[in-house]
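A.B. asks: Quick one: this structure, given as structure tokens, is what I'll be asking you about.
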Amino acid sequence: MSKGNLIINNSKQIEKQFYFNDTFKRLILFSISLLIVKLCLLPLIHTVDSDGVSRIFISLGWLKNPYWIKGGNWGPFHFYLMGSALKILNNQFYTPLILNIVLSSATLFPLYFFFKRLHNESTALILCFLFSLSPIIFRLSLLTLAETPYLFFVILSANLLYKGLDEKKILYVFLGGLITSIAGGFRYEIWILSTLFSILILIKYSKKDFLVFNSTALIFPCIWLISNYLDSGYFLNSFKWADLATETNKIDSIESFLRRIWFYPLSLIFAFGPIAFFYFIKTIIKTYKNIEYKKTIITFSIVFSIVFIIFLFNTLRGSLLLQHRFTITLFIICFPMFGYYFNTLNKKKIIMALVFGFTGFILAFAYSSKGARPIPRLLSKEANEINNIVKSNVSIKSGLIIDFWNWESTYCIAFMSNLPRNNIVLVDQNSDLNFISDEIKRIVTEKPNGYLLICSKGLLNNVVTIKQDTIILIKDNIHFPIKMVKNYPDASLYEYTFN
């Protein structure tokens, strides 16, 4: 063999080793294209999720004084991740979004290898395409929530674990458990999934795999429970909010009961897209009859059914809110089964893949259900106008007092102002009136110029009184002038000055 042929053969072996075949090259090209498209969408995005806003404000607070978080309603890893990113580039709007966009594109690679192992290369590429264009998945990558990094680590752990079990490589089982533990620090749903994974490993594989997986998968849950106990004297202190939610979120009508039953099945249809979901169900029914695939379908179906029942129980109980972002766990469990439709690939099915992806994405803009549209934006014209006025006119020396309008508008206007959290009085439905009054007094004293948003059904009406061009802080009898900027039936924006 000549030296030239030897070099060519060696390069081919290296290419094969690192999966640089045509299918993988297409995946790289697609992931880069997706990354560029999402970055181009940044000017159009509104941070409309109140939890996302709260998470970034907490991350900014952690950045100023990094510490080990001992407890709280949310797992701590999202704050560590976002706080560390904000330390590199301290921009509360762009930094978290860019990080999530990068992670969403990176997720396609472990997803591809997982699907490739389950099906084949071509099917894996098509599934990655459909997954990335799922309206709910796409939307979450453009918000400052924990779901995108959670998905990345869940899929990475699933790929490593499946590789380890399939190839009998205990190191990958160990790493799969370790990544599962990290995912558990972002969202608690993986705690349920890891328990089910453990049972399946014990039944289908070996006790050794079971012990190795759990030796790492349980690291964070154990640390978190012990940390909660040391901080509060109660192991499950982080889950107390669930009991409180059941008291404030009770079923009060037949409509409310029925809505809780059908919300997540409907949300799953939105995640797939209506046409794709129809073919998904059709494929499962047809493929179930095939002896070769029957056990796999039963396994996925059992895991999905258990998780769905847990979701349904907590939804009816009132501890799980009706939000499309929680659907991603159900979606990632059942979505791999859609690959059976593409296992025998032809031109028609490639066309259908394009139909599934683009129709699901485009139709989502027509849904009236909040949280299902791919690009997060304020839908209220009035809120948009106020948001634009505020963010265009405030500076680091400005104060901002925002009454509770609704969960999207209130938090979006506060966050999009790009003001430090200390410059903002953010009122929600549970705010203490005395605390609000004290905060307003602090803000107008420290920031004598700024904006004030008062809503017809908000709590500020119990704290202040407006007489002509003067606002009176009732508790301290403080008077200062205001000027009307925008007036709507349910909300009014004022500019205030305080001498």
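A.B. asks: Could you tell me the distance between the Cα centroids of the range 315-335 and the range 433-453, to the nearest Å?
C.D. replies: After rounding, the separation between the Cα centres reads 38 Å.
A.B. asks: If you don't mind, there's one more thing I want to ask. What is the angle, in °, between the Cα long axis of helix 291-317 and the longest principal axis of the Cα atoms in the chain? Nearest 10 is fine, range 0 to 90.
C.D. replies: That helix lies at roughly 20 degrees to the long axis.
A.B. asks: Here is a further query. Would you give the gap between the C-alpha center of the range 33-53 and the C-alpha center of the range 239-261, rounded to a whole Å?
C.D. replies: Using only Cα atoms, the two centres lie 31 Å from each other.
A.B. asks: Here is a further query. Can you list the residues, at least 5 places off or on another chain, whose amide H is less than 5 Å from the amide H of Lys486, using H built in the peptide plane?
C.D. replies: Hits under the 5 Å cutoff: Leu493.
A.B. asks: Under a 5 Å amide H to amide H cut-off, with H placed in plane at 1.01 Å, what residues pair with Gly450 once short-range neighbours are removed?
C.D. replies: HN-HN under 5 Å from Gly450: Gly399, Tyr496.
A.B. asks: Between 0 and 90 degrees, rounded to the nearest ten: what's the tilt of helix 207-217 against the longest Cα principal axis of the chain?
C.D. replies: Relative to the chain, helix 207-217 is tipped by roughly 20 degrees.
A.B. asks: Starting at the first residue of the range 137-150, write each ³J(HN,Hα) from the Karplus equation 6.51 cos²θ - 1.76 cosθ + 1.60 with θ = phi - 60°, in whole Hz, x for Gly and Pro.
C.D. replies: Going residue by residue, I get 5, 4, 4, 5, 6, 10, 10, 9, 8, 8, 5, 5, x, 4 Hz, with x marking Gly and Pro.
A.B. asks: Please list 3J(HN,Hα) in residue order for the range 243-250, calculated via the Karplus relation 6.51 cos²θ - 1.76 cosθ + 1.60 where θ = phi - 60°; whole Hz, with x for glycine and proline.
C.D. replies: Per-residue couplings from phi come out as 5, 5, 5, 5, 6, 9, 10, 7 Hz.
A.B. asks: So if I take the alpha carbon set of the range 297-347, get Rg, then get Rh from the Kirkwood formula, what is the Rg over Rh ratio?
C.D. replies: So for the range 297-347, dividing Rg by the Kirkwood Rh gives 1.13.
A.B. asks: Let me ask another. For helix 407-416, what angle does its Cα long axis make with the longest principal axis of the chain, in degrees from 0 to 90 and rounded to 10?
C.D. replies: 80
A.B. asks: Evaluate E = 1/(1 + (r/R0)^6) for Asp243 and Leu345, where r is the Cβ-Cβ distance and R0 equals 45 Å; express this FRET efficiency to the nearest 0.05.
C.D. replies: Approximately 0.35, to the nearest 0.05.
A.B. asks: Taking the full set of protein chains and a 1.4 angstrom probe, give the accessible area of Tyr80 in square angstrom, rounded to the nearest 10.
C.D. replies: Accessible area of Tyr80: about 40 Å².
A.B. asks: Still on this structure: Using 0.36 nm times the number of residues separating Ile306 and Tyr67, minus their current alpha carbon distance, what extension gain do you get?
C.D. replies: 82.4 nm
A.B. asks: Heavy atoms only, probe 1.4 angstrom, no DNA, RNA or ligands counted: give me Met337, Met352 ranked by accessible area, highest first.
C.D. replies: Met352, Met337
The values are calculated or read from the model by the stated rules, or taken from the named source; none is laboratory data. This one's a predicted model, so the numbers in the text were calculated from it and none came from an experiment. Positions of Cβ are backbone-derived with ideal geometry, glycine not excepted, and every protein chain shown enters the neighbour counts. To get the accessible areas, we keep the full protein, side chains included, count just its heavy atoms, and leave off ligands, DNA and RNA. Shrake-Rupley method; radii C 1.70, N 1.55, O 1.52, S 1.80 Å.
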